[in-house]
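These notes are about the structure you will find just below.
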Amino acid sequence: MKKFIAALLFISALLPVFAFSGCKRSSGYFPKYTINAVYTENKIEGTLEYEFKNPSDKPIDAIKFNLYANAYSEKAKNRPVPYGSELKNFGGTEISDCLFCGSPAEFSVTGEDGNVLEIKTAEIPPNGSAKVSLSFSTVIPAADLRLGDTGETVNLGDFFPVACKAENGEFIECEYSPVGDPYYSGCSDYDVTITVPSEYVAASSGSPVSSETKGAATVYRYSLKKGRDFALCLSKNFTVKSEQVGGITLNVYGDAEFSERALSAARSALRYFSSAFGKFPYETMSVVKTGFLQGGMEYSGLCFISDSAEGEKEELTVVHEIAHEWWHCGVGNDQINEAYIDEGLAEYSSYLYFAENGNAERAEEILNRATAAYKAYFDVGKILRGEANTVMNRPLSSFSGDYEYVAIAYAKPLIMFTEYEKTIGRNKAKRRLSALYKDNLYGEINSDALISALGYPEFFRSYIDGKVII
């Protein structure tokens, strides 16, 4: 393998680095969500106002939203639980009172799982400004999922309608998946007010603007600029620890022992990634221990860490999820069709973190485990099916389960980036990633943009297209 890769890298180094299409930098304008919600047991309901500009070069007469919570409904075919698991308690979102610029608007809920809301509007010219508003009511399932009451905590991801990203004149409808993160979104500004029973402590994306106790309820207000998403987590039992890290407010929510450990790991990760890649994209970072079926989940300025993650796995999860603040939140990508980009960059960033923070053995162990996982997947595929699908840029629907997804979206790209590092040197690799981050902050990239920034197109294509043999 080493000889093949060395030859391939030499050839690709001789090729010009073409200016591929694919860098989707921020235009400088960001839509705005204004959400006012009330949480009661098993339900969150409220109003949403969305201010936006028509991003197309053609007039539009409708806008679409993803209703992610309807993946949690009893009739949903594309559920947020792994293959072989069942969702035994259900949720979903109902929509009412849609308005366009203050007047009643016709709307419909479509999609295989009722996962798309379409609101009819008057004709909006290219770059024309508009505003829609609606009322929503979301039932929260009893589940350790992005949206779920875990018993100890309440996870509030997926709870409100999210505008479909517009690209190439079309709204991108996101279909849920049992594997991966089924999202593709641009950045927006958020002004979120949530009322909760006063016994709850709220952890949230964004920075706190105010909190006010009114009788048995507390009203929290948060502001988030240029967020790719927004989520909260509630609990009656959180211990909260906070400190300033290079101008970033770092908050950790969980039990006392977790809070101490996570504060240390998060502090170090924020410092390292800020130095390696560029300024942290938000003012506040909150790390939350919660019931969660997977290891962790990233949101803008917020991450969930599963209460089942222990020891070294807990530390690695904290580091990986904070790396996503640069690769997913700061620089986005299509997580449905090119999941390897943000997951691979977060894995490689985690590898670098350990390698350059006095724990080279841990970094090598992470790489060795990734290599073993990928080879095991490849070997089993060859035995059972005569071949293994090693293409990296493919939709989540093509993965048979977490085993295949982890091998292709996590393990293989980590191998790819470490081999790349061996060729150009670690410092040069970091400089190119830093430039990629700076040039695309609050925008989105795809495979072409990644290759354009890093160079060596033949090398990267051999991995992405499933041609390289590891």
Exercise. Residues of the stretch 233-263 being in contact (Cβ under 8 Å) with a residue 12 or more places away in the chain and of a type in the set (D, E, K, R), which ones?
Worked result: K236, K241, E243, D255, E260, R261
Exercise. When you scan the stretch 143-235 for strands (runs of 3 or more DSSP E) that lie fully inside it, which ones turn up with 3 or more residues that are farther than 28 Å from R394 by Cβ and in contact with a Cys (Cβ under 7 Å, 6 or more places away or on another chain)?
Worked result: 153-156
For this session: Could you tell me whether the stretch 416-427 includes any residue that is touching a residue at least 24 places away in the same chain (Cβ under 8 Å), out of contact with any Leu (no Cβ under 9 Å at 6 or more places or on another chain) and surrounded by 14 or more Cβ atoms within 10 Å (Cβ to Cβ)?
Result: yes
Exercise. Looking at the stretch 236-269, which of its residues are part of a helix (DSSP H, G or I) and farther than 20 Å from N155 by Cβ?
Worked result: A256, E257, E260, R261, L263, S264, A265, R267, S268, A269
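For the stretch 123-145, give me each residue that is of a type in the set (S, T, Y) and either closer than 16 Å to Y299 by Cα or surrounded by 24 or more Cβ atoms within 10 Å (Cβ to Cβ) (or both).
T138
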For this session: Go through the residues of the stretch 299-310 one by one and say whether even a single one is modelled with pLDDT under 95 and more than 19 Å from the chain's Cα centre (by Cα).
Result: yes
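Within the stretch 146-175, take every residue that is closer than 23 Å to S135 by Cα and among the small types (G, A, S) and give me the one that is surrounded by the most Cβ atoms within 10 Å (Cβ to Cβ). Write out each step before concluding.
So in the stretch 146-175, the residues closer than 23 Å to S135 by Cα come out as 146-149, 154-166, 171-175.
Checking the rest, the ones that are also among the small types (G, A, S) come to 148, 157, 163, 166.
On the way: G148: 26, G157: 24, A163: 20, A166: 18.
Ranking the qualifying residues of the stretch 146-175, first place goes to G148.
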For this session: Determine, yes or no, whether S235 is more than 20 Å from S308 (Cβ to Cβ) and polar (S, T, N, Q).
Result: no
Exercise. Right, I63: crowded, with 21+ Cβ neighbours inside 10 Å, out of contact with any Cys (no Cβ under 7 Å at 6 or more places or on another chain) and of a type in the set (A, V, I, L, M) or not?
Worked result: yes
Exercise. Only one of (1) at pLDDT 95 or above; (2) closer than 25 Å to Y410 by Cβ; (3) surrounded by fewer than 24 Cβ atoms within 10 Å (Cβ to Cβ) is not met by L293, so which one is it?
Worked result: (1)
Problem set entry | the stretch 441-470 - residue that is surrounded by fewer than 19 Cβ atoms within 10 Å (Cβ to Cβ) and free of Cβ contacts under 8 Å to residues at least 40 places away in the same chain and, of those, farthest from E387 (Cα to Cα) | R461
Seminar exercise, completed: Y272 fails exactly one of (1) under 26 Å from L145 (Cβ atoms); (2) part of a helix (DSSP H, G or I), namely (1)
Problem set entry | Filter result for C174 (of a type in the set (A, V, I, L, M, F, W, C), within 18 Å of K225 (Cα to Cα) and touching a residue at least 12 places away in the same chain (Cβ under 8 Å)) | no
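The values are calculated or read from the model by the stated rules, or taken from the named source; none is laboratory data. The model shown is predicted, which means the values in this text are computed figures rather than measured ones. Every residue, glycine as well, gets a Cβ built from its backbone with ideal geometry; the counts of neighbours run over all protein chains shown.
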